[in-house]
1. Out of segment 478-495, which residues are open to solvent by less than 30 Å² (accessible area, probe 1.4 Å), in contact with a strand residue (DSSP E or B) (Cβ under 8 Å, 6 or more places away or on another chain) and under 23 Å from residue 402 (Cβ atoms)?
2. Counting only residues that are of a type outside the set (A, V, I, L, M, F, W, C), in contact (Cβ under 8 Å) with a residue 60 or more places away in the chain and surrounded by 15 or more Cβ atoms within 10 Å (Cβ to Cβ), give me the strands (runs of 3 or more DSSP E) lying completely in segment 520-634 with at least 3 of them.
3. Need pairs with beta-carbon distance below 6 Å; first residue farther than 15 Å from residue 297 by Cα and within segment 321-337, second among the β-branched types (Val, Ile, Thr) and surrounded by 15 or more Cβ atoms within 10 Å (Cβ to Cβ); sequence gap 6+ or separate chains.
4. Just to be sure, is residue 331 of a type in the set (Ser, Thr, Tyr), modelled with pLDDT of 80 or more, open to solvent by 30 Å² or more (accessible area, probe 1.4 Å) and over 30 Å from residue 509 (Cα atoms)?
5. For segment 245-268, enumerate the residues that are within 16 Å of residue 212 (Cβ to Cβ), open to solvent by 10 Å² or more (accessible area, probe 1.4 Å) and not acidic (Asp, Glu).
6. Are any of the residues in segment 219-227 of a type in the set (A, V, I, L, M, F, W, C), touching a residue at least 40 places away in the same chain (Cβ under 8 Å) and open to solvent by 70 Å² or more (accessible area, probe 1.4 Å)?
7. Among 294, 271, 298, 314, which is the only one that is surrounded by 15 or more Cβ atoms within 10 Å (Cβ to Cβ) and either within 29 Å of residue 212 (Cβ to Cβ) or of a type in the set (A, V, I, L, M) (or both)?
8. Specify which of the listed residues (548, 533, 565, 557) is modelled with pLDDT of 95 or more and within 23 Å of residue 368 (Cβ to Cβ).
Amino acid sequence: QVLVVGCGNSELSEQMYDVGMCEDIVNIDISDAVIRQMQERSGSKRPKMSYLLMDMLQMDFPDAHFQVVLDKGTLDAVLTDEEEAALAKVDKMFAEISRVLQVGGRYLCVSLAQAHVLKKAVEYFSQEGWVVRVHQVAGSGDKQQFVLPVFVYVMTKFRKIPGSALQILEICPEEQDKPIRVESTERLVAAVKDRQHYALLCSQLSKTPCGEQVSLDLCDKESGRPRYTLHVVDSSLVKPSRDNHFAIFIIPQGRETEWLFGTEEGRRQLAASAGFGRLVTVALHREQHYEGMAGIQAELSGKVMELAPPGLPARQQVPFLSVGGDIGVRTVRHCDTSPLSGEYVVEDVKGDGTCYFRRLVFLRNRNVVQSEARLLAPTPLPGQKKRRKDKKKPSPAEPPAAVDKSYLCCEHHKAMVAGLCLLGGTDPLPGALLAVLVVGLGGGSLPLFVHDYFSQACVTVVEIDPSMLEVATRWFGFSQGDRMRVHVFDGLDYVANLAAEAQYDAVMFDVDSKDLTVGMSCPPPAFVEKPFLQKVKTILKPEGVFVLNLVCRDTQLKESVLATLREVFPLLYALRIEGEINEILFCQPSPEGRWDPTELGARARALEGALRQPGRPWDSSYVLADMLQAVKII
């Protein structure tokens, strides 16, 4: 027996009757005109179905009379707001539905699931001990009547157990049959809201080009964790034709942080270069496993078509693109959690070509590579045969490949080393006695390079996080010695405790901020406060240089930092890293150390020539003079 509350003039009951789903259907409505219309329409054609004039807030049926109560939009119509009168009316409605429904029976409510409507229904029935499941039964799109998806609440009546706080709350998305258990009403409402936002997004993208890039995460259906991150990029530079409307670009694993894939401007350039009006880039997450390009294509084909642009020809084949036709290689070597830096991961990724790189990534900011080093290709021993292709690949538990200490992966590290050309005195030869203080260890690439290429340099490193010293030593080839010492200490306190005397030729700050709410991710704001900078100035030799890696997205904050630096240091150079937010600042305590571009170029060439010693590896793309050409005095 089925009761339809607030039946109106809907054809739903008639259709259920006609297809044989059920015949014993009682329809009620408060409108006399509607009931007369529906009685005339059905008449003798459906003799077992009845239409009764009745108020659902005060029904005449006996208790436990129905197995199903069906509500198609009635709850949405009643609960238009959260005013006291509307809420009281809904409480009466729910109480009557509960009364006339048998134990084990179901209240089925078809709804657009506005947040306040869903929350009210879920809270009421879950507190009564009912099992609550929300089904998404229709998405958005050209074939749908509504832009928003349609949901059905399935509330199954159980006897309430006194004192029990157990709640069973589930959501069953449109694309899968298996329901997903959620822990609270808030999480259920949030899950529905995610799907509504997605439907609105798809509707918008199907009608007009997107002016700004749109991003979304597609999550793993088992764990709920992000599996793919998609960016929708429309290119105004491409003239659409039948074959270039739409394409999907799979970013190789580990390369999602590169400028071309990890920035808006880079993705815009990628879309224009690929020659498609709309390009959806797909980044793969490190916690997930993927079955190659074919597996990804099979998994994403249906979902990405919901993001297709307007005017896409029917049955158009949409190409899946990538670099080199594969999904790249990412091997996680080490995962751990630091009390200071949070969760982090060390991973090996395949770069462009045959090179492999080792990266340190803090998962609180997973799209930023904290440290990076190139790996040396393994060299077979004399008489040793090469590994056969069909043999088992090395596992992550095997000893890591050797790190190429001669190669600086990060452009800002190259710039910081180039800044040593600003040191006063004669030509800055690698054999000169230098005292260098580096605050911020990371993977250790910067201090290692200075130590190895400046043979008389004594390098002091300060790192606040002991976990980073362990990571640098175990995974990035870092080691201490007579000319390299690490102090696990807060950089602020270490510098503050130093004697106020000129003792360092160079002080380098490459330290990240743990506070992501500030518009400056490097360094922490306390490192650029005036009293602290004045202390830095006192420990520098008169012809020394203070090198600061500044990463600041807040324009006003950046101007404030530069103004403070100018107050403390009479000579300030800036070098902007192309394609990155980083800006390297070279600060000198004396205005007499100023170099004109010709002199600076000559010093850079002299230093580079000395560093390029026979038998010592050198990255041919690293040209000090070229890099320093972009230096500006500010």
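The values are calculated or read from the model by the stated rules, or taken from the named source; none is laboratory data. Fair warning: this is a prediction, and the values are worked out from it, not measured in the lab. Cβ atoms come from the backbone with ideal geometry, glycine included; neighbour counts cover every protein chain shown. Calculation scope for accessible area: heavy atoms of the full protein, side chains included, ligands and nucleic acids excluded. Shrake-Rupley method; radii C 1.70, N 1.55, O 1.52, S 1.80 Å.
1. 484, 486
2. Details: elements: 520-522, 540-552, 571-576, 583-588.
Per the criteria, 540-552.
3. Cβ pairs passing all conditions: 330/349; 332/345; 333/346; 334/346; 335/345.
4. On the way: of a type in the set (Ser, Thr, Tyr): yes; modelled with pLDDT of 80 or more: yes; open to solvent by 30 Å² or more (accessible area, probe 1.4 Å): yes; over 30 Å from residue 509 (Cα atoms): yes.
So residue 331 passes the test.
5. Once the filter is applied, which keeps residues that are within 16 Å of residue 212 (Cβ to Cβ), open to solvent by 10 Å² or more (accessible area, probe 1.4 Å) and not acidic (Asp, Glu), segment 245-268 yields 263, 267, 268.
6. no
7. Details: 294 fails: surrounded by 15 or more Cβ atoms within 10 Å (Cβ to Cβ); 298 fails: surrounded by 15 or more Cβ atoms within 10 Å (Cβ to Cβ); 314 fails: surrounded by 15 or more Cβ atoms within 10 Å (Cβ to Cβ).
None of the other options fit; the residue is 271.
8. From the options 548, 533, 565, 557, the qualifying one is 548.
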